[in-house]
1. Taking residue 462 as the residue in question, decide whether it is out of contact with any helix residue (DSSP H, G or I) (no Cβ under 6 Å at 6 or more places or on another chain), at pLDDT below 80 and not in a strand (DSSP E or B).
2. So is residue 69 exposed (fewer than 14 other Cβ atoms within 10 Å of the Cβ) and either in a helix (DSSP H, G or I) or in the same structural domain as residue 195 (by TED's automatic domain parsing) (or both) or not?
3. Restricting attention to the stretch 658-693, which residues are touching a strand residue (DSSP E or B) at 6+ places or on another chain (Cβ under 9 Å), surrounded by 15 or more Cβ atoms within 10 Å (Cβ to Cβ) and not in a strand (DSSP E or B)?
4. Across the stretch 72-108, what is the total count of residues that are under 59 Å from the mean Cα position of the chain (by Cα) and assigned to a loop (DSSP other than H, G, I, E, B)?
5. Does the stretch 261-274 contain at least one residue that is modelled with pLDDT of 65 or more, assigned by TED's automatic domain parsing to the domain that holds residue 67, under 18 Å from residue 198 (Cβ atoms) and outside any loop (DSSP other than H, G, I, E, B)?
6. Given (1) touching a helix residue (DSSP H, G or I) at 6+ places or on another chain (Cβ under 8 Å); (2) in a helix (DSSP H, G or I), identify the lone condition not met by residue 619.
7. Residue under question is residue 649, and the condition is that it be buried (at least 17 other Cβ atoms within 10 Å of the Cβ) and at pLDDT 85 or above; does it hold?
8. Take residue 514 and tell me if it is at pLDDT below 80 and surrounded by 15 or more Cβ atoms within 10 Å (Cβ to Cβ).
């Protein structure tokens with residue numbers, strides 16, 4: 001068994017042993033004696049507190065019963081009953097002068113005949129069943145009785161309130177005793193008599209001597225408190241006596257339930273620890289009439305002072321004998337410990353590298369044999385240390401070479417722009433760099449990824465990640481969508497000694513390259529679409545011109561009363577509509593230079609809506625226009641403004657493709673800023689959160705591949721800023737997406753040179 005005090009010097013252990021024996025003898029004996037005395041004293045104190053609590057609570061209960069009987073006597077007073085009934089009738093009939101006279105008479109009766117009968121009264125009130133105070137003694141009190149009246153109504157007999165402070169300025173602790181008042185025929189309740197009783201006076205008049213029968217001259221060791229049903233607590237203390245007074249005067253402090261902590265209640269029977277940490281004896285007794293708890297407590301430290309003195313005496317005797325033992329052990333320790341200290345110092349020098357140290361072995365006892373064995377050990381240690389130093393020097397040089405190679409390899413792996421993952425033989429991740437974190441998360445999450453392009457024919461596209469990370473598979477490569485990135489991954493087996501020891505995965509981020517290829521392909525498709533639109537418009541204009549010409553010829557040749565004039569009108573109207581649609585298409589796709597002219601904003605909005613009619617009409621999207629009176633003419637480029645309106649409205653239409661709905665367009669003229677503001681709202685699903693902050697950035701789009709380039713809003717904002725205006729996203733939530741176009745009345749002179757937008761195609765972000 002190992003010595004638990006092996007790190008302690010022998011001189012201290014030997015001394016501590018003798019000192020411990022002294023303390024053990026006197027400590028155990030003192031503990032047994034003091035424990036027996038303490039238990040006896042605790043029983044006596046508890047019995048005394050129990051008797052005192054029972055006696056005090058009985059006296060308080062008797063006084064409370066006396067107050068209750070006095071309240072019932074007041075309630076049976078014929079004058080009070082008749083006056084209260086009359087006052088109630090006058091108040092309900094709004095006879096204020098008569099009511100005031102009755103109330104004054106009733107108040108005088110209370111002050112002169114009732115209030116002096118009870119010393120503990122703080123206030124006396126009479127109220128009707130509605131809680132209206134008819135008369136009261138203390139007219140300056142501002143306490144509210146409404147809540148108490150509500151509780152009194154549920155009781156047909158005496159009712160006791162909780163403890164509370166009287167008024168806002170007066171902190172006297174009081175409680176209310178209320179009893180119902182019957183009419184003179186004893187058939188119905190007509191009101192209540194409310195006693196506001198001074199709690200300290202109530203206790204004072206009960207039997208104050210019992211509260212201090214066991215106290216010392218200061219009374220600080222005894223603690224008395226009364227706790228009501230709502231846990232409001234009244235602490236009672238004795239006011240300090242003066243040389244000129246012999247009567248004991250009580251003081252009290254009311255602690256409301258909100259001021260107490262919410263620690264669980266501790267028992268008050270016997271010795272206990274209060275919630276504040278004080279060690280006390282106590283006993284709790286119930287005051288039967290009110291249901292309150294009387295707590296009588298005694299400070300444990302003061303009560304157990306005799307036991308503490310006994311323990312102190314035993315401790316002093318133990319210290320005296322311990323000191324004598326230390327003196328007697330001085331000489332044995334001196335000749336026993338000094339050689340051991342010398343060997344300890346020699347061992348410390350050996351620890352610091354001095355293996356040539358030796359100790360003197362002059363004695364022939366056990367200490368001398370130990371010194372001789374130590375010298376033999378020192379010689380052997382010195383010889384072996386020299387050999388180990390030579391071996392360590394060789395190992396250190398080789399370790400430095402390996403460290404340099406390892407650092408070089410780590411630098412190469414960590415600084416790689418491509419992601420690198422090393423899998424062990426069991427398929428676990430042994431090494432990866434920062435660029436491979438998205439792929440590592442996908443592997444650990446067992447995600448099912450979108451395979452863009454497999455390296456070779458693969459029948460299990462959904463298990464592509466398992467194929468790449470399988471150690472037994474041959475070399476594989478494919479392109480995957482992982483989070484927001486597109487990675488080209490190459491997986492190769494790792495062989496060593498003719499066996500497969502793992503697998504290496506290299507992931508290259510080709511997101512930008514792929515996105516660029518997709519955008520370039522989409523731009524090419526848009527360019528081809530523009531050319532085809534121009535050719536188709538030109539090809540359609542010729543047949544429409546012929547139809548229009550022959551329709552005019554028919555109109556001139558037919559008689560005036562011919563019924564075919566109606567058909568000619570329909571042909572003309574539809575031909576003009578086709579011409580207008582082709583003209584709008586050519587105007588929108590043409591790449592004209594900016595020209596500053598007068599532009600009617602209302603007419604321009606109407607034309608753009610008509611131009612987009614084929615797109616929104618089939619989706620049953622309703623347009624609601626709200627324009628201020630006036631023409632709203634600005635000096636700007638009509639074609640560029642048309643492009644901005646088309647882009648914003650096309651986004652709103654595309655947002656409502658699957659839900660239907662409406663688009664609100666309103667325009668106002670701001671004379672102070674000299675601008676026209678156009679608000680475009682739709683009730684679509686709104687712009688996604690991940691796109692909303694970057695909605696005006698180039699190539700940012702929420703549409704699927706091939707349906708948008710993400711250039712529409714960025715180009716539109718650039719156009720508006722070039723012409724001195726603004727394009728803003730006011731808000732975007734499900735059911736309400738709003739864009740604001742601010743168009744200046746007069747565009748800058750250099751607006752044409754600021755615009756650089758060769759692509760006028762729209763795109764939904």
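The values are calculated or read from the model by the stated rules, or taken from the named source; none is laboratory data. Just so it is clear, the structure is predicted and the values come from calculations on it, not from any experiment. Note that each Cβ is placed from the backbone with ideal geometry, even for glycine, and that neighbours are counted across all protein chains shown.
1. Values: out of contact with any helix residue (DSSP H, G or I) (no Cβ under 6 Å at 6 or more places or on another chain): yes; at pLDDT below 80: yes; not in a strand (DSSP E or B): yes.
Spelling it out, residue 462 is indeed out of contact with any helix residue (DSSP H, G or I) (no Cβ under 6 Å at 6 or more places or on another chain), at pLDDT below 80 and not in a strand (DSSP E or B).
2. Numbers: exposed (fewer than 14 other Cβ atoms within 10 Å of the Cβ): yes; either in a helix (DSSP H, G or I) or in the same structural domain as residue 195 (by TED's automatic domain parsing) (or both): yes.
Considered against the rule, which asks whether it is exposed (fewer than 14 other Cβ atoms within 10 Å of the Cβ) and either in a helix (DSSP H, G or I) or in the same structural domain as residue 195 (by TED's automatic domain parsing) (or both), residue 69 comes out as yes.
3. Matches in the stretch 658-693: 683, 684, 685, 686, 687, 692.
4. Number of matching residues: 2.
5. No, the stretch 261-274 contains no residue that is modelled with pLDDT of 65 or more, assigned by TED's automatic domain parsing to the domain that holds residue 67, under 18 Å from residue 198 (Cβ atoms) and outside any loop (DSSP other than H, G, I, E, B).
6. Of the numbered conditions (1) touching a helix residue (DSSP H, G or I) at 6+ places or on another chain (Cβ under 8 Å); (2) in a helix (DSSP H, G or I), the odd one out for residue 619 is (2).
7. Numbers: buried (at least 17 other Cβ atoms within 10 Å of the Cβ): yes; at pLDDT 85 or above: yes.
Considered against the rule, which asks whether it is buried (at least 17 other Cβ atoms within 10 Å of the Cβ) and at pLDDT 85 or above, residue 649 comes out as yes.
8. yes
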